[in-house]
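Just so you know, all these numbers are worked out from the coordinates, no wet-lab data involved. Please read these numbers as outputs of a predicted model, since none were measured by experiment. As a convention, Cβ positions derive from the backbone with ideal geometry for all residues, glycine included, and neighbour counts pool all protein chains shown.
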Amino acid sequence: MLLVIEQFLNGLQFGLLLFLLAAGLTLVFGIMDFVNLAHGSLYMMGAYFAATFVAWTGNFILGALLALGATLLLGIVLEFVALRHLYNRDHLDHVLATFGLILFFNDAVRLIWGPAGLALPLPPWLTVPFQIMPGVYYPAYRLAIIGVALVVALLLYFVVMRTRIGMLIRAGASNREMIGALGINIKLLYTLVFGLGAALAGLAGLMQAPILTVQIGMGENILILAFVIIVIGGIGSIRGAFLAAIFVGMIDTLGRAFLPDLLRQVLSSTAASTAAPALSSMLIYLLMAIVLVVRPEGLFPAGRR
Amino acid sequence: MAEPLLRVENLVCRFGGVVATDHVSLDVHSGELHAIIGPNGAGKTTLISQLTGQLLPHSGTVHFAGQDITRLAAHRRSRLGLARSFQITSLLPDFTAADNVALAAQAHDGHSFRFWGNARKERGLRETAQSALSRVGLGHRGDTVVSELSHGEQRELELAVALATRPQLLLLDEPMAGLGATESARMVTLLQELRREVTIVLVEHDMNAVFALADRITVLVYGRVIACDVPAAIRGHDEVKRAYLGDQHVVTRHD
Amino acid sequence: MSASLNTRTIIVALVVAGLLLLPVYTTLSGNVFGLTVFTRIIIYALAAASLNLIMGYGGMMSFGHAAYLGIGGYAVGILAHEGIGSGFIQWPVALVASALFALVIGALSLRTRGVYFIMITLAFAQMAYYVASGLARYGGDDGLTIYKRSDFGGLIDLSNRVQFYYLCLFCLLGGIYLIWRIVNSRFGMVVQGLRSNERRMQAIGFPVNRYRLVCFVISGTICGLAGALLANNTDFVSPAAMYWTRSGDLMVMVILGGMGSLFGPVLGTIAFLLLEEALSQFTEYWALVMGPMLLLIVLFARGGIDGMLGRPRRG
């Protein structure tokens, strides 16, 4: 039972992180019609910046904030220098150009920080186990991640649903020509949205950094999960991304935790231990396949269509 | 009277809250040229798309040659002998005119899971293509890539592509859209000839053309049929006049 | 047009002649390294050519093509590991396994279009990667060493560098010939028509997805052959062969060479892998140069090498 609660919270935490990543991706896609494979690199950069700045300042919160700012800045520079020239190109060009960026970032990181991973140690006050129920403890830091991610998700929801910028963003996601007709400075809006997406990815990366090793390529696997989420949730839909992210986070975490035991009930233990790792890593893709069969447009497609 | 070639009954199609097709019923008889007119936004293209299967209606039925085709996929309808031209030219822009037509002929010549022989060297397909091209006056333009054809030629090619599928019923969505006066006149002459061979449903804004060509005219306003009769009767129809002369002015476009 | 077309034809002819004569040069000069490099290039060129069939001609932007390299390779590796060394069994199994995977993935992915399709093919290929990593019996993450190359009896000896090189070249030229026939056939016309205007193809009576799926399967099968060759070339197969960056590399090779051109993928692969080879001689951080170079190519040199040689970009 304890294990179930713990894994459940792990799943929630992972799902929320995935949401931060998928939200930026889906916003950028929804508004600029731009496919950004390098989104995972921004996640990685967030983690590396955090590891560096925390070591440099000696303060976790300050370091994290600096890292967040740095990723935001990096995103804006990237958009300004290169990516904005690609918006009116086809998706294949986006894929190719941002694939090049991934290669660049991976090697740049290897050059600057070396091939070995970095560790981001937590301050003592975040390492204590926190009692969430009588007798049930959960790491304070993971709870903090859940808290921060939920607040950011709410903020994002508020910004997108209640503010003028959000109105433009939603209008842009459902009808691109319309923003142009409104006489808005599209270039600025695009840069802002891209920066926001970069900051969200950076936030996800820097929060994940103390849990996993900070290493090259860390953004790539999680980027593909973010794609799966967007496919399941429906492109351009923040709400879809949120629900799908929680869902995928849960399925993935719970699957890895409990599938081996479940299989052992049905199969011989050797067969189960052979099949379990492969099967549990397949789970979310199977989920995606089912969604594709049932609703090819995703579960919660954005307003249009 | 004989069974109509196309029978549409109580067709309804909604987009969100808007009823684009509102209980439309319509008969098209074999051999007739049936025009559908109506102000912009009356739902003419939506109706055509439901007839050819690009859109599915919410309720109602479409029968073609006695068969219920309401839910049939677009490509299956084409096989049955239903061909359409698009309001906004929709061709294969990077193929030659002859390739466009030959592909249409190929679609109606068995399956295309033939992987070896060179399709461009198949005499049967090429001859069909050439004769369809000649039919619409493009006989000399076969080797030209579509994107290099003039707008008028592309409209004619649309027609040739539809003809190459050997249709029983031709659904033409504004074949004169964007044509100049001479080109329009040529198109009218062409349709005069074609109507002798094939049943035609013609959606058109050019009233001169419609009244010159049509055997019967159906008037669509806000997705609803307000009249269906011979041209002379439509001319004198009160509700039609009101629809065209009231808040919606007459649309006779000569771009 | 004709002048530039001739330049292109001449370059392609020179490249093919060069590939045919390369073993003569390496044998005479004793430069074995060149043969190794080009064997690898030829195998990847076959994979890129198969991707070009769906991407360049069919308009299906698959970002998961490396999966077939892995599946073809694992078919050879696993059978060899289980004591079945005959190429007459290994290779057909590799082709059939790739075809089946393409059939399932294609049937699912082709329910969608555009960016969705890119993401989904990517995700499914990554799934194959994870499954391979989970195959503890066959080395898991570390991969599987193949101790003996596929055995074709007395027909051909794959352990002989030159014989193996010519086998690969034969497969490449055969594959390109096959693709050429397909592209110009009735089937190929349909597939290219679908790239150009799907709605129109539907309206004139083609059941579109059936044709797309068959094309997808053919492409996957050819790439599975490249996988079987690759496993024999490296005597090793690992999940890394189907990591998504490999799929990205294949895409780059196709685009670099010019999509929808018959020999484009060959030129693209030669350029890409030689560049990678040269840069990695020069610096350990070759991707630091390669990455921005890709960006610049996208920004300033659309249409790839083949385009620069006078072939207009289509679509």
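Taking a point 7 Å from the Cα of C:THR245 along the Cα-to-Cβ direction, the residues of the stretch A:192-231 with backbone N closer than 18 Å to it are A:213-225.
For chain B, modelled as a GNM with alpha-carbon contacts under 10 angstrom, which of B:SER85, B:SER112, B:SER30 fluctuates the most? Taking springs between Cα atoms under 10 Å, the residue moving most is B:SER112. Our summary gives chain B a relative contact order of 26 percent, counting only alpha carbon pairs under 8 angstrom and 6 or more residues apart. Here, the stretch A:2-294 is characterised by an Rg to Rh ratio of 0.99, where Rg is the alpha-carbon radius of gyration and Rh the Kirkwood radius. Each principal axis of the Cα cloud of the protein assembly as shown was taken in turn, and the coordinate range along them, longest first, works out to 90, 75, 55 Å. Long hydrophobic helices in chain B: the complete DSSP H runs spanning 15 Å or more by Cα along their own axis with mean Kyte-Doolittle hydropathy of at least 0.5 are B:97-107. Counting every C-alpha pair in the stretch C:70-201, the share spaced more than 21 angstrom apart comes to 59%. Find me the longest stretch of chain B that has none of the exposed chymotrypsin sites (Phe, Trp or Tyr not before Pro), where exposed means in a DSSP loop (not H, G, I, E or B) with at most 14 other Cβ atoms within 10 Å. So the longest stretch without any such site is B:117-255. Over chain C, with a Gaussian network built from C-alpha contacts below 10 Å, which listed residue (C:LEU295, C:LEU158, C:LEU103) shows the highest mean-square fluctuation? Comparing C:LEU295, C:LEU158, C:LEU103 in a Gaussian network model of chain C, the most mobile one is C:LEU295. For the stretch C:122-182, the equivalent ellipsoid derived from the Cα gyration tensor has semi-axes of 29, 22, 8 Å, listed largest first. Listed by chain and number, the lysines whose alpha-carbon sits under 17 Å from that of B:LYS121, ignoring those within fewer than 8 places in the same chain, form an empty set. Summary of the geometry: the stretch C:9-69 and the stretch C:193-234, compared by the centres of their Cα atoms, lie 20 Å apart.
Within the stretch C:210-258, the proportion of C-alpha pairs whose separation exceeds 15 Å stands at 61%. Scaled against 2.2 N^0.38 Å for its residue count N, the alpha carbon radius of gyration of chain B is 1.02.
Between 0 and 90 degrees, rounded to the nearest ten: what's the tilt of helix A:269-294 against the longest Cα principal axis of chain A? Around 30 degrees separate the two axes. Using the Kirkwood radius over Cα pairs, work out the Stokes-Einstein diffusion coefficient for the stretch B:91-166 at 37 °C and 0.692 mPa s, in µm²/s as a whole number. For these conditions, the coefficient is 271 µm²/s.
Roughly how tilted is helix A:91-113, in degrees to the nearest 10 and between 0 and 90, from the longest Cα axis of chain A? Relative to chain A, helix A:91-113 is tipped by roughly 60 degrees.
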